[in-house]
Structure formats: C-alpha cells, structure tokens
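Accompanying notes for the structure given below.
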Amino acid sequence: MLTTIVCCAISLAITQPVSDTILPAIYDIVIHEVMAKPSPVKGLPAVEYIELYNRNAATVLLKNCILAVNKREVILPNIALPPAGILLLCNSAATDSFVAPLIAGIDKWPPIPDDTGLIALYSSNRKVLHAVNYNKSWYGRADRANGGFSLEMINAAIPCAGKSNWCASTAVAGGTPGMANAASSDWDDKQLPDLLYAGIVDKNNLSLTFAQSIDSSLAADVGNFKLIDKSTGIPLQPAAVRVMPPLLNTIQLQLAQPLENGHGYTVLVAGIRNCQGRESIVYRSLETGWPELPGIGGVMVSEILFHPVSTYPSFIEIVNRTATMVDLKSLRLQNVRADGRLDAAKAVSAESRLLAPGHCVALTTDQQRLCSRYNCRDASAFLETTLPTTYVGEGRLRLLRADSLLLDEVMYNENWHFPLLTDSEGASLERITFEHPAIGQGDWQSTAGTYGYATPGWLPEQQMDSDALVFQNLTPVFTPENIAGNNQAKCSYNLGNQQWVGNAWIYDVTGRPIRTLARNMLVSGNGFLTWDGYDEKKVLLPAGVYIFLFEIFNLKGRTRRWKQAVVMARNLN
C-alpha cells in the first residue's frame, strides 16, 4: 500500500526564537493528546487535533519531522518547541477556534479515525520518535469513547507504557488542547516489557511481541535471543534481529536455520528493556514452532462470558487441543442468528499469533478492563479483537478455519447457569466436555464463585471424577503479623465435578461466630478458603484457637459440613 506524504503549509500562532535548538531523538517529542472524535461536543470546537509535548530540557527543532496518521503523512516545518512546550496541531481552517500558546495549522489535515488508529511521529531521517495505536478501550469509560472527549497521556515520563498510560480527558470541556493534560499525574504501574507471544513470518523469520515498546538499540543485539530445538536440545543463535517500527514492541528474528515441521522450540530472551530501563523478570521465554492447520475439534470454545456486568466487556475463550502450534490468524468466529442466518465471520487475529498445544486464549475487546474484575493469571493469554455478536439470553457461535472448515460449534443460554446462582450477570459458562459440540445444558456449567465466576485466559485445575469430598487445613498455626510465611489461615477443598452452594465461617472456641468468609457462594472443583485473623469489624483478634466451619449443599438436597481447628499466634512486641 502506498503512503501519501504531504508537504503542508503551517501557520504558527506565535513567533519563536530558533537559536540553541537540537534535533529530536526518540521520546524527546511525544504524542500527548488526541481528539479523534470531537462530536458530539462537550465544550470544545468540533475539530480534530493532536498535541505534541517536548520532554527534553532543550528546545527541539521539528523541521521536516513527519506526522503519520495510519497511511497518511504530513511533513512538519521549522517549529522550535521549548522545554515542556506543547504544540497543538489541527486543520489550518480551525486554528482560530482554539486559544493556546502554540498552535500549528495544517492545510491538508490527515483525518483521525474515530475508534482505532495508529499515530506516529518520525524524525527528518525517519527514525521513530513516538507512536500510539489507540482504540476505543483506551478511554477507560464507554460513555467517553462515543465522542466529545480526547485521549490524554497520563504521565509523559513513561511514553512507552502504551494503553495503561492513556485515558479519556477528565476536563469538563472534554479535552485540554494546547494546555497541560487534565489527566496528568506521576502515576506509574511498574509495567515490564514482558514477552507475550510469537508469530510466523515464514520458516526463516519469527516475530516476537512484547507488552511495551522496547529499547531498540539493546534489542538489536542477537546475543539477547536463543532458540532451542526441543527435539535435540541444541540452542540455535538467530542470524539477525530487527525491531519493527513504529510501535517498537515487536521484533523479527531471522533464523540461521529454517523451522522444521513437527519440531517444538523454546525462545529465550534476555537484556530487553523498556524506555525506563526496566527488564522483564518472569516472562522471558515461550514455546513456538511451525504451525499446522487444526482439524475438526482441534481448537474449541472453552468458556463464554455473554452477560457481563455493565461497563465490563464480554469474552470468548478458545483452547488448542492439538499437539502442534496453531496460528490464530487462520481462525474465524461467526455468530449464528436465531433464524439460522450466518453473520460475516470475523478473523480471530489480524496478525500471526501462535497458540501452543494445551493453551487457551481469551478474546475480548478490552483486556485491561476485563482483568480489573476477574483473576487474569497470564497477560499473554489475551487477545484484543473484534468479537462476533453475543446475546444476553442465548446464542450460537461457530469457530472456523479461514478456508471455512468448521472446527467447533457451541450454543449457550442464560438458563443453563446453576439454578441456585441468584444472579448470573458477570458469570461465565465453562465447558464441561470437549468430546462433542457443546450445544446443550449438560455441556456447560457456571464458573464457580471461588474462581471469581470467570477464568479468562486460564483453565481451572482438572476436577476429580470421584465423589470424594475433602476439606483440609493447610496452616495449623499462623501469625498475622508475619511479613512472609504463614500469615493467613488456609483450608483447601476438593468437591469433585459437582456444583455446590457453600457457606464458610470462623468461630471462636466458645462457639461465637467471628467472621463470615463466604455466603451462598457457588463452589466446585478445587479451591481455598483463607482467613487473615480479623473479625467482621476489621479488628485483629487475640491469639488462640479458632474454628473453620465449611458447609455445602446441592440441588439434590445433599448437605455436607466440616470443621477444622486453627491456632492463631501473635508476635510479642
């Protein structure tokens, strides 16, 4: 696809000295605010704009720098941006609509897409200065994603943080064009450049994607990467490494030897840092290999959240049941309407992304929002994508290959939730069997409350097939003041494959109730109950013997009850 470059006339609202300036390096100048959808207006002109911010302590010359919005590019003229200076860019015809210290009007304004777009800033020699690939989930609030509010960077000190460092403007007017961002703070989530997933370019080139933009100079060292053939145990050194612009969160490994069919590989990375110099500690390896197209039942739907709590996204989880890598780019999801008509199939992934054998991935529109409610164990087990339509009451989904081979078909229904679950809003259905299409009530069960009513991106531990019911005290003695070690009382349970409603309490030795740990919670499989030593009023109790009481009942009227004693010790001060 051709890229259009426009050398445009720009009118400045003020006169600036241009002496003692420097040319920009990466992150000296950053994209600071974006008004992609100005209507319906909240208090600002109905005009798109982009804000640039100078992070350098010197005045930076923007002469011949390039601003790109998707495939449309404009060349910036001789603008000197002072330290901490903010440059407002908008259509030349709209400069009089704003009051700001520094405004530049662009004659041929590159339109900013409403919902999803890639905005990048390059130096005059096409080196990346900064880039953002926003979508509607970046606003953090659905009501502000519908128009009239800008996206603002929260902390300019961490420009490589991506989505977590952006939100909808908190200004009453909907934005702060040319001024300090209303959402500005010194927030830092300590995010690391974790290795998320691998993709395939061809048999000689492998792509690796990280959670953040990475230091491209460090990442270009082939010594930071190893590829181990699991069949032989022999480490293979890549021949070359390329950090892919403009987001700089993906690298392409050129392999010295091509990937072989049927071989599994482990990728190891080291020395990869973000713009703050932070290096990933845990997520520095993953499994990869040459993918094969799955057959019928090779990839299946494992969990669906179709009735999320208001303002939270739904998700569809799929699992790779084959013994080989599967490329998510080769898969499609399709909604089946009530009358049997088929909606257009939607690609699971727009880019190559490998799913390892036995692994699952949760497909959602907003990973960050979803994980603010549920227990998300692995950031690499999520893919933000456009989902097919799901319905609150009931529905039907098909999982296909790109060549239209049907891999799996499932039906879901609100009435298939556990009957004693008082409110199924926010609770997912998890698949019980993968031996046939899940099209009936007996193929699904409500995800247990002990798991948070949904397990996006991970599969609960295999449940026992026997009816054995076990309740066990794992910490006979605990001390709440301990910084590490046994600072909580913990009991485990194994309830088999059945679903139960559970209640749990703490009593003292006189039989007086101290704390309610669970009330009418849906439980099944394996889980834990914990107690921190506090009563209902958040008062730390004295040392002594206390009793765990766990009671469960099911739809058949069966009731079970267990008691376990636990000793709470206290540190002597």
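The values are calculated or read from the model by the stated rules, or taken from the named source; none is laboratory data. The structure displayed is predicted, hence computed values, not measured ones. With ideal geometry, Cβ positions are generated from the backbone for all residues, glycine too; neighbour counts draw on all protein chains shown.
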For residues in segment 434-465 being in a helix (DSSP H, G or I) and modelled with pLDDT of 85 or more, which is nearest to the chain's Cα centre (by Cα)?
-> Tyr451
Taking only segment 24-54 into account, find how many residues are in a strand (DSSP E or B), within 15 Å of Ala145 (Cα to Cα) and among the charged types (D, E, K, R).
-> 1
Quick one: in segment 226-251, of everything that is modelled with pLDDT of 95 or more and in a strand (DSSP E or B), which residue is nearest to Ala161 (Cα to Cα)?
-> Thr250
Among Gly557, Gly511, Gly525, which is at pLDDT below 90 and within 33 Å of the chain's Cα centre (by Cα)?
-> Gly525
With respect to Asp423, determine if the residue is acidic (Asp, Glu) and either in contact (Cβ under 8 Å) with a residue 24 or more places away in the chain or in contact with a strand residue (DSSP E or B) (Cβ under 7 Å, 6 or more places away or on another chain) (or both).
-> no
Might you check whether a residue that is crowded, with 17+ Cβ neighbours inside 10 Å, closer than 30 Å to Pro388 by Cβ, outside the structural domain of Val319 (by TED's automatic domain parsing) and polar (S, T, N, Q) occurs anywhere in segment 273-284?
-> no
Single residue of segment 251-262 satisfying the filter (of a type outside the set (A, V, I, L, M) and within 29 Å of the chain's Cα centre (by Cα)) that is farthest from Ala356 (Cα to Cα) = Gln254
Being in a loop (DSSP other than H, G, I, E, B), small (Gly, Ala, Ser) and within 16 Å of the chain's Cα centre (by Cα) is the filter here, so list the residues in segment 113-163 that pass it.
-> Gly140, Ala161
Filter segment 263-291 for residues that are part of a loop (DSSP other than H, G, I, E, B) and either under 19 Å from the mean Cα position of the chain (by Cα) or acidic (Asp, Glu) (or both) and give the result.
-> Asn274, Ser280, Ile281, Val282, Tyr283, Arg284
Within segment 310-336, considering residues that are free of Cβ contacts under 8 Å to residues at least 40 places away in the same chain and more than 24 Å from the chain's Cα centre (by Cα), the one farthest from Asp403 (Cα to Cα) | Ala323
Residue count for segment 39-69, restricted to those that are buried (at least 21 other Cβ atoms within 10 Å of the Cβ), in contact with a Gly (Cβ under 6 Å, 6 or more places away or on another chain) and aliphatic (A, V, I, L, M) = 1
Pairs, first more than 22 Å from Glu292 (Cβ to Cβ) in segment 241-266, second among the hydroxyl-bearing types (Ser, Thr, Tyr) and surrounded by fewer than 14 Cβ atoms within 10 Å (Cβ to Cβ), C-beta under 9 Å, six or more apart = Val243/Ser217
When residues of segment 252-262 are filtered for being surrounded by fewer than 16 Cβ atoms within 10 Å (Cβ to Cβ) and in a loop (DSSP other than H, G, I, E, B), how many remain?
-> 6
Within segment 533-571, track down each residue that is touching a residue at least 40 places away in the same chain (Cβ under 8 Å) and out of contact with any strand residue (DSSP E or B) (no Cβ under 7 Å at 6 or more places or on another chain).
-> Leu555, Arg570, Asn571
Please work out which residue is surrounded by the fewest Cβ atoms within 10 Å (Cβ to Cβ), limiting yourself to segment 342-381 and to residues that are among the charged types (D, E, K, R) and touching a helix residue (DSSP H, G or I) at 6+ places or on another chain (Cβ under 9 Å).
-> Glu351
Among Pro313, Pro294, which is within 13 Å of Ala454 (Cα to Cα) and not in a strand (DSSP E or B)?
-> Pro313
The condition of being in the same structural domain as Gln441 (by TED's automatic domain parsing), in contact with a Gly (Cβ under 9 Å, 6 or more places away or on another chain) and either closer than 24 Å to Ser137 by Cα or at pLDDT below 95 (or both) holds, among Ser428, Ser424, Ser380, Ser372, only for Ser380
Scope segment 466-487; condition β-branched (Val, Ile, Thr) and either farther than 27 Å from Arg560 by Cβ or at pLDDT below 85 (or both); matching residues = Val470, Thr479, Ile483
